[in-house]
1. In a shell of Cβ-Cβ distance under 15 Å around LEU136, excluding LEU136 itself, what net charge do Lys and Arg (+1) and Asp and Glu (-1) give?
2. Over region 34-74, with a single point scatterer placed on each C-alpha, what log10 of the ratio I(q)/I(0) does the Debye formula yield at q = 0.24 1/Å?
3. Whole-Hz Karplus ³J(HN,Hα) for region 270-278, in order, using 6.51 cos²θ - 1.76 cosθ + 1.60 and θ = phi - 60°, x for Gly and Pro?
4. Could you provide, to the nearest whole Å², the per residue accessible area of the chain with probe 1.4 Å?
5. Take each uninterrupted DSSP H stretch in the chain, measure its Cα extent along the helix axis, and return the ones at 18 Å or beyond whose mean Kyte-Doolittle hydropathy is at least 1.0.
6. Using only protein heavy atoms and a 1.4 Å probe, report how much of ARG276 is accessible, in Å² to the nearest 10.
7. Over 18 Å apart: what share of the alpha carbon pairs of region 59-137 falls there, rounded to a whole percent?
8. In percent, how large is the relative contact order of the chain, given Cα pairs closer than 8 Å and 6 or more residues apart?
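The values are calculated or read from the model by the stated rules, or taken from the named source; none is laboratory data. All of these numbers come straight from a predicted model, not from anything done at the bench. When we count neighbours, we look across all protein chains shown, and the Cβ atoms used for this are built from the backbone with ideal geometry, even at glycine. Only protein heavy atoms, including side chains, enter the accessible area calculation; ligands, DNA and RNA are left aside. Shrake-Rupley method; radii C 1.70, N 1.55, O 1.52, S 1.80 Å.
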Amino acid sequence: MRVYINPIALGILVSLLIIYLLFIPLFVHQFRRHGTLKIRRNIVIASFIIYMITAWFLTILPLPSMQAVREMKQIIPNYRPFLFITTFLNESGFILTKPKTWYSAILSPSCFTVVFNVFLTIPFGVYLKKYFKLPLAAVAILGFLLSLFYEVTQYTGLYGIYPKAYRLADVDDLIVNTFGAVVGYLLTRFIDHILPNIEKDKRVIKKEASLSIRLVSLLVDYISIIVLYELSRVVIYWNVAHRKWDLVIFLVSEVIVFIIIPLFTKGQTIGMFILRLNLTDNMGKCVNIPKALLHNIFIGLWLHIIFTIQGRVEVNSIVMIIIQFLFIIFMFVMLLNSIFHRKVCYYWESWFNTYIKRNLINHEPELMTCGKDINEKYK
């Protein structure tokens, strides 16, 4: 059992790493296209990634050493279809007329291997039927191709990385894996009601920018600052012995993201530009550059406080400690306002008469980005 547990655990860890790397691009795409996160769709995508990688790891792990493979006897692939039936009858002790042998036969390695290979591709059939809406013939063909991919991986010694095959390539695996995909297709009709229904994910077309889209926008700005900061350090510190300019480089990176770039993007930061967010006044018209920069400086200040709290910016000034304390009060007031009004309140936007709104031009082409008051339509 440990032979299977280790690949499964490693497959899940690698899958989570891939999901983490896809987190921002996926969220940005969904916000731009649908205006919200597709929770059910994301669950399905994440589970599919975990399944596919874990299944592949089960076919290649554990990886032996190069020396062990060199000393290993040549593994001859099995080209004889349904050899697993003969193997089962010969090795399991199964006798049809003796029910006492059935239980021990089911638990025998020759039976367990076949059952495992069937179950390996059952989820694949379920995904193809439920979420890709494919017919039975297409599921069977894709199940066969997936199994063929596994067998080629084993036959070639992990695509030539090893000097020879270290696992058996078996035509019977093609048969039982394809059968497993078909079983998954047929099984879907009985478990359909317990599977996530991605059709229930709604498309949100609202002018108001939600808290989640604001946070993702701020996260994109956060990443932009970090990337710009690290790249600048590499360039500036090239062959320099003393590195004392970190704070200055960091401040310049923040200025570029929240002031310099918005000068050329009508007040939008990188995150706002990518997520199609605009700064408008209370009439729905685009604000001028000075107002937009004032708003961005205010938001950038609080993001800088977050950086100092995280320790990315080393500042021990009593002034910074006081500002951090004010930031906590600021967030506490926002929480109280939100609870009182039963919605998230961005009360500081009224100070500057600048409100973050979504650009709906790509959702309804007849609407202009700015210059028209479309708040009434999306109240």
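1. On the way: positive: LYS129, LYS130, LYS133, ARG189; negative: none.
Every neighbour counted, the sum reads +4.
2. Per q value, in the given order, log10 I(q)/I(0) is -0.83.
3. Here the 3J(HN,Hα) series is 4, x, 5, 5, 5, 8, 6, 10, 10 Hz.
4. On the way: 22570 Å² over 379 residues.
So the chain comes to 60 Å² accessible per residue, rounded to a whole number.
5. Numbers: long enough: 2-34 (44 Å, 1.29); 39-60 (32 Å, 1.53); 109-130 (32 Å, 1.10); 136-155 (28 Å, 1.57); 171-191 (30 Å, 1.24); 211-236 (37 Å, 1.71); 289-310 (31 Å, 1.30); 318-341 (35 Å, 2.50).
Correct list, ordered by number: 2-34, 39-60, 109-130, 136-155, 171-191, 211-236, 289-310, 318-341.
6. 60 Å²
7. Details: 1997 of 3081 pairs.
For region 59-137, the fraction of Cα-Cα distances above 18 Å is 65 percent.
8. Details: 429 pairs, mean separation 61.5, N = 379.
Averaging sequence separation for qualifying contacts and normalising by length gives 16 percent for the chain.
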